[in-house]
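Peer 1: Following this message is one structure expressed as structure tokens.
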Amino acid sequence: MKRFLLMIFFVVSSFFISAEEQGYIEGIKTYIVDIQINKNQTLSITETLDYYTNSTEKHGIFRDIPTTDIKSFLGINRILLRNVDITRNGLPEPYRIQSFPEGIRYRIGSADTYIDANNRYVIKYVVNNAIKEKDKVYQIYWNAIGQSWNFPIGSAVINIHYENNAMISNDEMQKLEVYTGSFGEKGTDYSIVNEGKNIKIMSKKAFNANEGLTFMLNMKTNQINPTILDKITNYYLVYKNLFIGMMLFIGSLIYALFSWAFFGKDPARKSIIPRFEVPKDISAMLVSYIKGERDPKVILNIGILSLVSKGYINILKEENKENKIKYELSESKEQLFTVEKELLNTLIKSPNDILGNEEEIYKVSTKIIGLLETEYDSVIYKKNTALATPIILAIILFLFMVALPIILSGGSEYFVIVIFAFIFFLNMGISGSKLLKSLMYLLIIGAIALVVLQANFSPFTEILLVMILLGSLLMWYLKVIGKPTDKGNTVIEYIDGMKMYIETAEKNQIMKFNEPSELVRYFKLILPFAVALSVKNECVKLMESQIKMNGYDPTILTGQRSGIMYGNPLSEMYYRSAIFNSVNRSYDKGYNKVLEEKFHNVGGGSNSGGFGSGGFSGGGGGETTTNAVLSTTGANAIVDWVMLELRDATDATVVL
């Protein structure tokens, strides 16, 4: 163990020991940077550096170049490096590109090749967006000798000139500031010479490790004169990811609007006419689903009420127990819909306590949701999801064109996280519950705020912004491209008319009943629909008004008549949520039992303990128990077990 710890200490310590302390020496003898200012507002840069090392196991060097957080009088900029060419001792040298938050790292060299003791590296590249313009003054802010070198630099020379070697007058060179030293320092170890056609900046002394040179040059000259095409090309190359993403987004948006206008726009609705007839071709549970309800407990309650209203279930008040009810099955010839049959078939499995089989109650509620979804999608509503294919392809194309190349080139690992998070939250926003969709919208708002508050558009923020826009467009499109079928329109108009009737009948005195039994039957049948349409209280008030309007004695509906307790005014026990509470309890218990069973099967599927020895010196693992213990269900069900032993405090080998 001690040898292992010493080895770890040596490895970790080696990261904090300089090259000289590890026994080898490296550095740069001379570092020459040639900067050509081009007419099209770009820079052509050639770096020539003489690198030396006494190590025989060096594969190459790193060159870090900042591409973001470049300060100028325009704020924070972003640059692009292209046409990169690297040679070592006159021959092409392989390199790999690795992105980091502030810029790009060029890993120069090959893992299969060791370099010589003395090497001349020549690094050539073109820079876009490094020259900024304001009021016809051009500014170059450039980190010519980076502070990322972890070894000394003997001398440095920076040459600055025009592409046609034109003269650089002192009037053109309005301001030149040079800073030497480590990051953030403003050292003055330099000299400047204007040679007419060339501005030369030279170091006065050697730079230590992580020291460099940065200059800021303001020029008012006609030698920099980009055309409009040059400017467009410059911005396209620098912000290519954003440009491609926005083109895909705009194209997708145009397609979405036109396809929605032709295929997804709902037809003009007819004027709503109050409907008092109970629907004969649609269940109350489907009405609830059409109105947007997806909670299985709510739909299950409406299903129970439907069976009560059709006489298949009687609700009785338990003696001497306030707000306590019980159910009993009854014979009826009323027609049932498929979902109602599924529910009734489950309830009759335990006739003495129809809600007692909690697991079956939970399972049938899940099945009913599936049946309602199928009926809704096939009869009531046409989703037209296939029309979203072009937008989905635009998202995939963007990921392959922009994000994937960055990942494959050794870019930030955060891109992988962003892509997977995007796919997860997009799926959550499309198919999730109302709560998950609300969370998705909050995340979108937060991500947009992050992009807006961030001062510059890095590749990360560009991809994040485009993915947010395309993802939001896809969610909106999938929500609006579907539309009701012809039958669906008829059904929606009808149930809207029923809702209007329940809400307005009390005031308009629309309907009268010839016999009390007619009134009882009507309100028994309409009650599940009233709950599905969220007008239960209005239905109660409507019945009160109908009793008064028809001159009936309110007490004729008190008690256990017609299989449902109406009390005063409509259903005292329902007002107190007795049915709702009893059904919810059964559902929740069934849900918990199903989860316990699944968890129990995963964690304790055998008589052996689920935990192994885990590397403890005292052993463990392989413990067994009996089937009698495993057969326990409910809150005391066994999930897993471990072996516990009491051992002597001074001698751990002694089991007490």
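Peer 1: Being touching a strand residue (DSSP E or B) at 6+ places or on another chain (Cβ under 7 Å), open to solvent by 10 Å² or more (accessible area, probe 1.4 Å) and within 30 Å of F529 (Cβ to Cβ) is the filter here, so list the residues in the stretch 457-483 that pass it.
Peer 2: K483
Peer 1: Is the stretch 190-197 home to any residue that is basic (K, R) and either under 50 Å from the mean Cα position of the chain (by Cα) or closer than 28 Å to D64 by Cα (or both)? I'd like the intermediate steps shown before the answer.
Peer 2: Filtering the stretch 190-197 down to residues basic (K, R) leaves 197.
With the extra rule that they be either under 50 Å from the mean Cα position of the chain (by Cα) or closer than 28 Å to D64 by Cα (or both), the set shrinks to none.
For the stretch 190-197, residues basic (K, R) and either under 50 Å from the mean Cα position of the chain (by Cα) or closer than 28 Å to D64 by Cα (or both): absent.
Peer 1: Something else about it: Condition first: open to solvent by 50 Å² or more (accessible area, probe 1.4 Å) and either touching a helix residue (DSSP H, G or I) at 6+ places or on another chain (Cβ under 8 Å) or farther than 30 Å from G27 by Cα (or both). Now tell me which residues in the stretch 178-229 satisfy that.
Peer 2: K197, K220, N222, Q223, N225, T227, I228, L229
Peer 1: Output the strands (runs of 3 or more DSSP E) that fall wholly within the stretch 174-223 and possess 3 or more residues being more than 17 Å from I32 (Cα to Cα), or say none.
Peer 2: On the way: elements: 190-194, 199-203, 212-219.
By residue number, 212-219.
Peer 1: Going by what's in this entry, would L300 be described as surrounded by 13 or more Cβ atoms within 10 Å (Cβ to Cβ), touching a Ser or Thr at 6+ places or on another chain (Cβ under 7 Å), in contact (Cβ under 8 Å) with a residue 12 or more places away in the chain and not small (G, A, S)? Steps first, answer last, please.
Peer 2: Values: surrounded by 13 or more Cβ atoms within 10 Å (Cβ to Cβ): yes; touching a Ser or Thr at 6+ places or on another chain (Cβ under 7 Å): yes; in contact (Cβ under 8 Å) with a residue 12 or more places away in the chain: yes; not small (G, A, S): yes.
For L300, the condition - surrounded by 13 or more Cβ atoms within 10 Å (Cβ to Cβ), touching a Ser or Thr at 6+ places or on another chain (Cβ under 7 Å), in contact (Cβ under 8 Å) with a residue 12 or more places away in the chain and not small (G, A, S) - is met.
Peer 1: From the list V122, V127, V137, which residue is touching a residue at least 12 places away in the same chain (Cβ under 8 Å), farther than 17 Å from N40 by Cα and within 47 Å of the chain's Cα centre (by Cα)? Walk me through it before giving the result.
Peer 2: Working: V127 fails: farther than 17 Å from N40 by Cα; V137 fails: farther than 17 Å from N40 by Cα.
The match here is V122.
Peer 1: Filter the stretch 288-307 down to residues that are part of a helix (DSSP H, G or I) and within 17 Å of C539 (Cβ to Cβ), then give me how many there are. Walk me through it before giving the result.
Peer 2: Taking the stretch 288-307 as the starting set, the residues that turn out to be part of a helix (DSSP H, G or I) are 288-290, 296-307.
In the following step, the residues that additionally are within 17 Å of C539 (Cβ to Cβ) were identified as 288, 298, 301-302, 304-306.
Residues meeting the conditions: 7.
Peer 1: Got at least one residue in the stretch 349-358 being more than 25 Å from D266 (Cβ to Cβ) and aliphatic (A, V, I, L, M)? Spell out how you get there, then give the answer.
Peer 2: Kept after step one, since they are more than 25 Å from D266 (Cβ to Cβ), are these residues of the stretch 349-358: 349-358.
Within this subset, residues satisfying the condition of being aliphatic (A, V, I, L, M) are 354-355.
Yes, because at least one residue in the stretch 349-358 is more than 25 Å from D266 (Cβ to Cβ) and aliphatic (A, V, I, L, M).
Peer 1: Another question, if that's okay. If a residue has to be within 30 Å of I392 (Cα to Cα) and part of a loop (DSSP other than H, G, I, E, B) to count, how many in the stretch 256-287 make the cut? So that I can check it myself, show each step before the final result.
Peer 2: First, pick out the residues of the stretch 256-287 that are within 30 Å of I392 (Cα to Cα): 256-268.
With the extra rule that they be part of a loop (DSSP other than H, G, I, E, B), the set shrinks to 265-268.
Counting residues in the stretch 256-287 that are within 30 Å of I392 (Cα to Cα) and part of a loop (DSSP other than H, G, I, E, B) gives 4.
The values are calculated or read from the model by the stated rules, or taken from the named source; none is laboratory data. Not measured: the values here are computed from a predicted model. A quick note on method: Cβ atoms are made from the backbone with ideal geometry, for glycine too, and the neighbour counts reach across all protein chains shown. We work out accessible area using only protein heavy atoms, side chains counted, and drop any ligands, DNA or RNA first. Shrake-Rupley method; radii C 1.70, N 1.55, O 1.52, S 1.80 Å.
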